[in-house]
Every structure is written in structure tokens, then in C-alpha cells.
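Student: Starting off with a structure, shown below.
Just so it is clear, none of the values below were taken in a lab; they were calculated from the coordinates. On a predicted model such as this, the values are computed, not experimentally measured, just so you know. Cβ: placed from backbone, ideal geometry, glycine included. Neighbour counts: every protein chain shown.
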Amino acid sequence: MHVMTDAEVRAFETKNSWSTGICIDESGELYYDTPEANCITLPYPETPLRITYFARLASMLGIFDNEANFCGALLWLRYWNAGSLQLEKSGWRLIERMRMGFGESRPLGVANGHWFRGDELADLAAFIVPCFVYGWDAYIVPSNADCFAFISHDEFWCVATRKPEAHARLLQDFEKLEPRVDSMKLRFCRADNRSAT
């Protein structure tokens, strides 16, 4: 795993937008700017066991249960102060201690982007768990999937898709979770709504 600052994540996403199709606005929101883009909104996990299941689903976006297809992903923590300071400190400590295992000693507030290599799928899932537990905003951007996910402190998570094929496949994969379509489209798919924020 490689840890990046906010500025480094922005530069990384901008540099790779030619292949991913992902745009980034001035506030750090990721979105697609194509008419084919769509969005799937999913319920928030209700139990600890569901959290681990959802974290695995989020880490495997676009590889469709074939771990060999995982080519790396970005986890970009965007907001980690959603609850009480006393409770949040344990989440910060957890992430920072996990990062120490990779040789990273900077605090979360200094470097909040995490690039996971193709052999670090389980590590990505482990880092996603606190996002659901503590209600942190985070983006998950797989390197080769034509989609990205957003976990929200408002107790939902969604997947924006770039192409209709990816959208249809993910809808099928998420069928048991009773996904909603289009509820976050204006935020993450902006070809038809240039003024969305």
C-alpha cells in the first residue's frame, strides 16, 4: 500500500482521467461526465457481519468475484469527523496503526489517500471496514472497472458506473441488496447536470 496526501490523490486522479473517465471537481468530488454514466445506491450495513460483507463487495467492484482480476484500487478518505470526537479517535487510531504495518507514520489528517496494489485486495477490504463502522466518507476507485464507489456518513453507499455494461452487471451483482437506481445520479454523473455539486 502506498499512502498519498489529498493533493497527490487529486493529481493522480487527474493524470489518469484519460483512461478512467473520472473527473474531479474543485471540492474533491469524483464524477463521470458522459451521458452513459449511471448510479446505483445501496443500503448501509445494519450489523457487524454485514459490514464485513459490504466491505468485501466494495473492494471487489468490477472484478465479479474473481480475485485474480484485481489490479489495484484507490481508497480516498474524505471525511472522518462525522461523530463524537471521543468515538472517532478510536477509528483514527485503528487506521493509523494499520498504516504503520505498511511503514506509514503520518497521521490521517496529513495523508488520506491509499493506493492498494493488485496483491492487496484483503488489505483494501480491511481498510474499508472502518469507513462503514464510523460513518466516514470515502471513495473506492478500482483501477480497471469503469466504476467507483462512494461511502457516505449519511448512511448510504453508491456505485457510479461509466458504461451501461458495467451498470447492468453491477445491478445484477447487487440484486439481493435491493439497489436503487438514479437516486445519486445528479451528484456523480454530471453530463446532463453541469451545475451539480
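Student: Give me a comma-separated list of calculated 3J(HN,Hα) values for region 174-189, in order, Karplus coefficients 6.51, -1.76, 1.60 applied at θ = phi - 60°, integers in Hz, x for any Gly or Pro.
Tutor: Running phi through 6.51 cos²θ - 1.76 cosθ + 1.60 with θ = phi - 60° gives 9, 3, 5, 8, 6, x, 10, 9, 6, 5, 10, 4, 4, 7, 10, 9 Hz.
Student: Among all the aspartates and glutamates, which ones have a C-alpha under 18 Å from Lys15's C-alpha, if same-chain residues fewer than 8 places away are not counted?
Tutor: Those aspartates and glutamates meeting the cut-off are Asp6, Asp25, Glu26, Glu29, Asp33, Asp146.
Student: Further question: What distance in nm separates the two pseudo spin-label positions at Arg93 and Asn69, each 7 Å out from Cα along the beta-carbon direction?
Tutor: Spacing of the two 7 Å Cα→Cβ label points: 4.0 nm.
Student: Can you compute 3J(HN,Hα) from phi for each residue in region 29-34, using the Karplus curve 6.51 cos²θ - 1.76 cosθ + 1.60 with θ = phi - 60°, rounded to whole Hz and x for Gly and Pro?
Tutor: Per residue, the Karplus-derived 3J(HN,Hα) values read 6, 8, 6, 9, 10, 10 Hz.
Student: Checking the a/c ratio against 1.5 first, then a/b against b/c, what shape does the Cα gyration tensor give for the chain?
Tutor: Values: a/c = 1.40, a/b = 1.29, b/c = 1.08.
Taking the square roots of the gyration eigenvalues as a ≥ b ≥ c, the chain is rounded.
Student: I would also like to ask the following. Explain nothing, just the number: relative contact order of the chain, from Cα pairs under 8 Å at least 6 residues apart, as a whole percent. Could you put the intermediate results ahead of the total?
Tutor: On the way: 353 pairs, mean separation 71.3, N = 197.
Taking the mean separation of contacting Cα pairs over the length of the chain, I get 36 percent.
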